[in-house]
1. Between a residue in the stretch 316-344 that is within 16 Å of residue 22 (Cα to Cα) and any residue that is part of a loop (DSSP other than H, G, I, E, B), which pairs come within a Cβ distance under 6 Å, given they are 6 or more apart or on different chains?
2. Taking the stretch 219-235, which residues are assigned to a strand (DSSP E or B) and either among the aromatic types (Phe, Trp, Tyr) or farther than 23 Å from residue 79 by Cβ (or both)?
3. Just to be sure before I move on: is residue 102 touching a Pro at 6+ places or on another chain (Cβ under 6 Å) and at positive phi in the structure I sent?
4. How many of the residues in the stretch 301-328 are of a type outside the set (A, V, I, L, M, F, W, C) and more than 19 Å from residue 185 (Cα to Cα)?
5. Tell me the residue from 180, 216 that is surrounded by 18 or more Cβ atoms within 10 Å (Cβ to Cβ) and part of a loop (DSSP other than H, G, I, E, B), please.
6. Could you give every pair whose Cβ atoms fall below 6 Å, whose first residue belongs to the stretch 229-240 and is at positive phi, and whose second residue is open to solvent by 20 Å² or more (accessible area, probe 1.4 Å) and of a type in the set (A, V, I, L, M, F, W, C), counting only separations of at least 6 or pairs across chains?
7. Is one or more of the residues making up the stretch 191-199 under 12 Å from the mean Cα position of the chain (by Cα) and crowded, with 24+ Cβ neighbours inside 10 Å?
8. Taking the stretch 148-174, which residues are open to solvent by 30 Å² or more (accessible area, probe 1.4 Å) and farther than 13 Å from residue 69 by Cβ?
Amino acid sequence: FRKLLGQKDVEAVVISTPDHMHAIPAVMAMKLGKHVYCEKPMTHSVYETRALTDYARENKRVTQMGTQIHAEKNYRRVVELVKSGAIGSVREVHVLCEKVWGGMKPITESMEPPTNIHYDLWVGPAAFRPYNPTYLPANWRSYWNFGSGSLGDMGCHYIDLAFWALDLKYPTRISAEGPPPDKENCPKQCTAHWDFPARGDQPPVKLSWYDGGVKPEQYKEWGLNPKWTYGVIFIGDKGILFADYSIHKLYPEEKFKGFTPPKPTIANSIGHHKEWVQACLHNDWTAPLCRFDYSGPLTETVLLGTLAYRLGKTLEWDPIQLKCTNAPEADAIIRPTYRQGWTL
């Protein structure tokens, strides 16, 4: 990537490396005047996310995070429904994700890396772990040193819908539960909770995440399809709205028979990637809907969920100071020490 960024004819870059290698090439690209499209999650640590967000805004770089589903029509219609008040005030959201990245056996054996892999460069700024083929090409997601488990992989896709519909930004309190935390391995299942303060006339919201096939205790009484294993459930004081990538339904069904949805107000996207490309061509850093100004707080929220799980305690979050006010031990994960030779 350093050779690529040195090319003067490269004006913008797409970063699809493993999570632990997002931040450094992204910042390097922006400092060289290039625009950045970065896959989710934006970075591997909260500090990195804030650094990218601030730099992109202050220097007017065109950015976009790879939450491609944000550009689909279904998410737009769901946001319009919630904002129209169709289900009333929303104080509770539940996010389901059956996917599993975690629960792997500990890696105890080291091997020589293949000659076609520059393994030292692949490890990059992360703490060094001897090569083992388990990590590559995808299972690095299951290890804290390189990834953030199922929540880190999929949280930005699904929690995005709640962020957009409810104008969320920074949580104030975070907790999580699951199997006993392991220092190296991400869990097979994690349930996380975030408390968000009131926003204008919108009430405080409690957002919960369930991966590994777990569902909220109230799922059956809500009358939702038992076959649904991925999606977002908005609990309003006038009804319930379920949505996944392609469908959305209002409950109780009998209450919403004959319901007329609000007139569309959010224009259809020209395409998630094309939004970014067009913004690059016009040098309009405010145009992409998932620019770092929006996706940064979303990514921070996801990473704070993994942090609460790893520490095994409820965290009180100060988003200004980037501190867990009741957990100084969190600092080492919020801003991990880079391996010698690497700086942001």
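1. So the pair list comes out as 336/45; 338/125; 339/125; 342/125.
2. 230, 234 - these are the residues of the stretch 219-235 that are assigned to a strand (DSSP E or B) and either among the aromatic types (Phe, Trp, Tyr) or farther than 23 Å from residue 79 by Cβ (or both).
3. On the way: touching a Pro at 6+ places or on another chain (Cβ under 6 Å): yes; at positive phi: yes.
Taking the combined requirement at face value, the residue satisfies it.
4. Looking only at that region, the number is 10.
5. 216
6. 239/250
7. There is no residue in the stretch 191-199 that is under 12 Å from the mean Cα position of the chain (by Cα) and crowded, with 24+ Cβ neighbours inside 10 Å.
8. Correct list: 167, 169, 170, 172, 173.
The values are calculated or read from the model by the stated rules, or taken from the named source; none is laboratory data. Being a predicted model, the structure only gives us computed values, none of them experimental. Heads up, the Cβs are rebuilt from the backbone with ideal geometry, glycines too, and the neighbour counts pull from every protein chain shown. SASA here: full protein model, heavy atoms, side chains in, ligands and nucleic acids out. Shrake-Rupley method; radii C 1.70, N 1.55, O 1.52, S 1.80 Å.
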